[in-house]
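To start, the structure under review is shown below, and the notes come after it.
The values are calculated or read from the model by the stated rules, or taken from the named source; none is laboratory data. Please read all numbers here as calculations on a predicted model, not as lab measurements. Heads up, the Cβs are rebuilt from the backbone with ideal geometry, glycines too, and the neighbour counts pull from every protein chain shown. For accessibility, only protein heavy atoms count, side chains too; no ligands or nucleic acids. Shrake-Rupley method; radii C 1.70, N 1.55, O 1.52, S 1.80 Å.
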Amino acid sequence: TLQPPVAFPQPAESLDGTWELVSLIEDGKLVPIDVVKQTMIKDARVIVKGPTAAFIRPDGKVRTVAFVTDGKTSPKTLDVAGELRVGGKAIYMRDGDVLMICTRSSDTESRPTVMASL
């Protein structure tokens with residue numbers, strides 16, 4: 001679950017802003033935020049602007065990924081582009097200042113159909 005540190009007015013479908021990762025569930029288990037910061041996203045923040053998301057890796061390098069959303073589907077879809085395996089096909093739900101994204105661990109798996117972790 002991602003949550004912006006400060007509420008800010010946005011169009012209903014916009015994901016623009018700085019989002020703070022507040023929880024991550026992988027294979028049905030909660031991943032501690034300290035582990036996320038040590039292994040994935042240094043400060044647990046993702047900056048979204050238009051069709052790109054950027055974050056700082058634990059090694060200090062900035063990683064930027066492109067994505068495309070479709071808010072007209074049910075559930076809403078999000079597709080991540082890139083040469084590294086990042087899950088690729090996801091679904092998302094935004095409710096005010098809370099953004100939930102559900103993805104698979106591999107690009108070869110089909111898109112999730114419900115917000116759930118196995």
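Numbers at a glance
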{"quantity": "Residue tally, condition at pLDDT 90 or above and of a type outside the set (A, V, I, L, M), over the stretch 84-93", "calculated": "1"}
{"quantity": "Residue among T77, T64 that alone is closer than 18 Å to D16 by Cα, open to solvent by 60 Å² or more (accessible area, probe 1.4 Å) and at pLDDT 90 or above", "calculated": "T64"}
{"quantity": "Selection within the stretch 29-51 - in a strand (DSSP E or B) and open to solvent by 50 Å² or more (accessible area, probe 1.4 Å)", "calculated": "K29, L30, R45, I47, K49"}
{"quantity": "Considering residues of the stretch 15-72 that are of a type in the set (A, V, I, L, M, F, W, C) and without any contact (Cβ under 8 Å) to a residue 12 or more places away in the chain only, the residue nearest to G96 (Cα to Cα)", "calculated": "A54"}
